[in-house]
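Enquirer: To start, I am sharing the structure in question, which I have written as structure tokens.
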Amino acid sequence: MKGWDLFQLDVNNAFLHGDLHEEVYMEVPQGLQVDTPGFICKLKKSLYGLKQASRQWYDKLTESLCSKGYVHFVSDYSFFYKKNGSSTPFVAVYVDDVILTGTDLEEINALKKFLHNKFKIKYPGKLHYFLGLEVFYKDDGVLISQRKFAIDLLKEYDCLGCTTVSSPLDCTIKLKATEGSLLTDPTYYRKLVGKLNFLINTRLDITYSMKHLSQFMQSPREPHLKATILVLRYLNVNPTLDILLSNRPDCTLKAYCDSDWVVCPDSRRSVSGYVVLLGESPISWKSKKQDIISLSSAEAEYKSIQKVVGELIWIRRLLEELTDACQKPIHVSCDSQVVVHMTRNPVFHERTKHIEVDCHFVRISCKMV
């Protein structure tokens, strides 16, 4: 939306830069000749495989960025910024992958040089491929896709040329945890579901399906595998589907939520789902089984609203730290008139006391429509 350039950095051997604050010992590595038997090694620096490695690397990176005047976001510690008048560079960190953007290219170039001298980085240039996400630039925005991963997945499971289906799940079939014969190789199912879950980063249309299929990971059965293959056949309709992040200057947040009451035949718990839009661009979505059983469809709907309101509060705080431009109030849309009346009614009755906390939380946070 701001038209800022996006740059990507990759730190070489990131975990080796961490400093150890505890005494850590290890056995003598294979191939190292030691005259005295029984000796062990005391580590002076972090190594890959240590439980402390990721934490110590983050501390080292944070210390280096703070020395240049950067501070991390309050809402997300993986984001850093440095505000100096009209100059505001931003740094997004995921382990050893870094994205740089902002209004001051001179400051960004100086930060690149500083990080290279400090850690030895690789500089692929403009952001095009990040954590399996492909980024394409257009006149009306940015396309984010996982087309290569989706096509490779279809090839791996011999579904690239198979017959397509119009829905990722068969609505006429209710999957249960104990029906059907057990798979002889459950790891086959687990690997497939794990890879499909990675596609949820850009494929909103399979979010509910993968939530449903992920609950059978412990003891997968034949019907579960057939349903998962159905998702692959659905992806074969258009494996190159992507998300457009529009560059229109519209920072209006809005959300849509829904619930599926007592949909699980085994636990009778409901499922919540929501999607959050920034302008016309989807930026957050989720489908998850609720923690407890809802006594009514209204309660299930209200719990789904509670989830999306919590997500909206975090997104609003993040946007305020980024650009100070977040329109209020934020509209949340649901398809339950009962829930809307419960939200607007200031009087709590006996039948709604069990969700009183949720009512208070939603009322002080969003405007219901």
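Enquirer: Obtain the nm distance between the two label points defined at Tyr25 and Thr172 by a simple spin-label model: each point lies 7 Å from its Cα along the Cα-to-C-beta direction.
Expert: Taking the simple label geometry, Tyr25 and Thr172 are separated by 6.8 nm.
Enquirer: Across the range 202-340, how many lysine pairs, 8 or more positions apart or on different chains, have C-alpha atoms separated by under 19 Å? Please give the number.
Expert: For the range 202-340, qualifying lysine pairs total 17.
Enquirer: Counting only DSSP beta bridges with both residues in the chain, what percent are antiparallel, rounded to the nearest 5?
Expert: Within the chain, antiparallel bridges account for around 90 percent of the total.
Enquirer: Over the range 73-158, what lengths in whole Å, largest first, do the semi-axes of the equivalent ellipsoid take, defined as the square roots of 5 times the eigenvalues of the alpha-carbon gyration tensor?
Expert: Working: eigenvalues 175, 51, 35 Å².
Those come to 30, 16, 13 Å.
Enquirer: For the pair Ser214 and Lys226, how long in nm is the line joining their label points, each one 7 Å along Cα→Cβ?
Expert: Result for the modelled spin labels: 2.5 nm.
Enquirer: Shifting gears a bit: Debye sum, Cα scatterers, the chain, no solvent: what log₁₀ I/I(0) at q = 0.06, 0.08, 0.13 1/Å?
Expert: Log-scaled intensity ratios, in q order: -0.32, -0.57, -1.25.
Enquirer: Residue separation times 0.36 nm, minus the C-alpha to C-alpha distance between Val74 and Asn238: what's the value? Mind dumping the intermediate values first?
Expert: On the way: separation 164, 0.36 × 164 = 59.04 nm, distance 3.91 nm.
Stretched out fully, the Val74 to Asn238 stretch lengthens by 55.1 nm.
Enquirer: Separate question: Multiply the residue separation of Gln327 and Tyr123 by 0.36 nm, subtract the distance between their alpha-carbon atoms, and state the gained length in nm to one decimal.
Expert: Working: separation 204, 0.36 × 204 = 73.44 nm, distance 3.62 nm.
Working it through step by step, the gained length comes to 69.8 nm.
Enquirer: Ok, one more. Quick check: residue separation of Ser246 and Lys195 times 0.36 nm, minus the Cα distance between them. What number comes out in nm?
Expert: Numbers: separation 51, 0.36 × 51 = 18.36 nm, distance 2.75 nm.
Gain on extension, Ser246 to Lys195, equals 15.6 nm.
Enquirer: Using helices alone, I'd like the mean residue ellipticity at 222 nm for the chain: each DSSP H run of four-plus residues gives -39500 (n - 2.57), total over residue count, nearest 500.
Expert: After summing the helix terms and dividing by residue count, I get -10000 deg cm²/dmol.
Enquirer: Mind giving me the nanometre distance, one decimal, between the label points for Val338 and Lys42, set 7 Å out from Cα along Cα→Cβ?
Expert: Here the modelled spin labels are 6.7 nm apart.
Enquirer: Next up: Can you count the Lys pairs in the range 1-90 whose Cα atoms are under 23 Å apart, with each pair 8 or more apart or on different chains?
Expert: 12
Bear in mind these aren't lab numbers, they're just calculated from the coordinates by the rules spelled out. Bear in mind that the values here come from a model prediction, so they are computed numbers and not experimental data. Don't worry about glycine lacking a Cβ; one is built from the backbone with ideal geometry, like all the others, and counts go over all protein chains shown.
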